[in-house]
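S.K.: What follows is a structure written as structure tokens; I'll ask about it next.
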Amino acid sequence: MQGFAGFMWLLSIALILFSGFALIDAATRREDAYRAADKKTKPFWLIILGIAFVVNLIFNILSFLPIIGLIATIVYMVDVRPALRGMSGGGRNSRRGSSSDGPYGPYNGGR
């Protein structure tokens, strides 16, 4: 049973860190990016992710409330965050080109 309890503790910590990262990421994005991406509003996502973070801190991982918070966090990370990153043009791949671009420019098929 100690192994299971240790695993659940690690899972709970991972869930807290995941929801905390999503909350910080949502707080650092610009308000107009949310409107431009047509993804609710910044206060809406801050409230949802803040509640998810607090629920993960308070409740045990085996109850249903942290699972609901996990779903909200996953929705933000999978749907909203990529749309916001696309609007702001930031990130590691901010200079995106065609899929046929090579290291020295676009590939034109040997023409």
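S.K.: In segment 18-38, what count of residues is obtained for those that are outside any helix (DSSP H, G or I) and buried (at least 19 other Cβ atoms within 10 Å of the Cβ)?
M.R.: Count: 2.
S.K.: Residues to consider are Ile47, Ile68, Ile74; find the one that is more than 19 Å from Ala14 (Cβ to Cβ) and open to solvent by 60 Å² or more (accessible area, probe 1.4 Å).
M.R.: Criteria check complete, one pass: Ile47.
The values are calculated or read from the model by the stated rules, or taken from the named source; none is laboratory data. None of the values given here were measured: they were computed from a predicted structure. We place every Cβ from the backbone using ideal geometry, glycine too, and count neighbours over all the protein chains shown. The protein model used for the area step is the full one, side chains on, heavy atoms only, and it has no ligands, DNA or RNA in it. Shrake-Rupley method; radii C 1.70, N 1.55, O 1.52, S 1.80 Å.
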